Amino acid sequence: MELGERKKKVLSAIVESFIETAEPVGSRTIAKKSKLTVSPATIRNEMADLEDLGLLEQPHTSAGRIPSHKGYRLYVDRLMKRYKQTAAEVSRMQTLMELKIAELDVLIKEITDLYSKITKYTLIGTVPEEKKAFIKHFQLMPVNESELLAVIVTDGNVVKDTRLRIGFPVDIFDCARISSILNHHLTGISCSEINIDIISRVSAELADNNDILRPILQFIYESIEASDNADVFHRGLTNLLDFPEYKDIARAKQLLNFLTDKANLQKAFSYGKGKNVKIIIGNENKAIELKECSIILSSYHLDGEIVGTIGFIGPTRINYSKAVSDIEFLTKQIDLLSQKYMEEA
């Protein structure tokens, strides 16, 4: 979508003003912020065009405009100016982050806790687990003529089960034989160790039952990966209540309840790890409870490998430019302190 320079200035002015005030933006405000030497009528025409393009919304007939999720996306991708932290901000964070803490995961959680207090952001993060889960025991049992019950016990004595719909009968004796073969080949190894050679050997021994091998292996992968998932945490949840968007108690309670559940927090990280900062705006979020939120995510490293992710979460009106700068600075500091921790350990 190509916009003329005037439309870009109008959109930028509306986004930045709404981020600052949480109030719909009118043509007079735009004239001051954008420094456009055109009439208010011309600015209103530009606003109407941007609304027709789906970049602005008008909450009330007589009110000004606010950015749509699409408008925020265009602003973030093409119009946003990079925020540069002041020397005082950098110095303050570096001083507070020089902590002596016994465990790396505690270090990361303490740093993000400090950062949430300083920036007034709500932070979510993951801490990697050193231990990889593996299968301790597998059991397959018939439920009816078209379904099997698969049960996995991991080394942490976590039990997971699922029903596999296969569409044809498998008797209890075949279930016992399949279970025995899978236990022989798959117990005591992590998900990453289940390679093509192991799958080929299992497949050869289950030649008469290969139709059910794929859903069984899928269940095993999902179960082990779920056990391997990094520990998720949040800091500064009540900071959300400082935003006007969450003065509505029912709305705030719904979001806070969602974020206090670790399974739900995993959904916030469903875009995965990446080298660059990721910005997920409004309805780009997969969880319906986050449709009016934006999340800014960045990964941190150890020995050059991505080992975890930290993110800021807030309303779609979050100050994107500053949040991107802050999250980059935070993860860079975690990288440095994690490396220092490993050298001193």
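What follows is calculated from the coordinates using simple rules that are stated; it is not laboratory data. Only a predicted model underlies this, so the values are computations on that prediction, with no experimental measurement involved. For neighbour counting, all protein chains shown are included, and Cβ atoms are generated from backbone atoms with ideal geometry for every residue, glycine included.
The table below gives the values:
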item	result
Segment residue 249-residue 301, length gained on full extension (0.36 nm per residue, minus Cα span)	14.9 nm
At least 27 Å along the helix axis (C-alpha) and Kyte average at least 0.0, DSSP helices within the chain	none
24 Å Cα-Cα threshold exceeded, pairs from 262/291; 7/275; 7/247; 84/262	7/275; 7/247; 84/262
Protection proxy ranking, peptides 300-312, 7-19, average beta carbon neighbours within 10 Å, highest first	7-19, 300-312
Magnitude of the charge dipole, the chain, Cβ model with Lys/Arg +1 and Asp/Glu -1, debye to 20	1940 debye
Shape of segment 135-228, Cα gyration tensor, a/c cut at 1.5	oblate
Cα Rg over Rh - the chain, Kirkwood	1.09
Stretchable slack from residue 42 to residue 28, in nm (0.36 nm times residue separation minus alpha-carbon distance)	3.9 nm
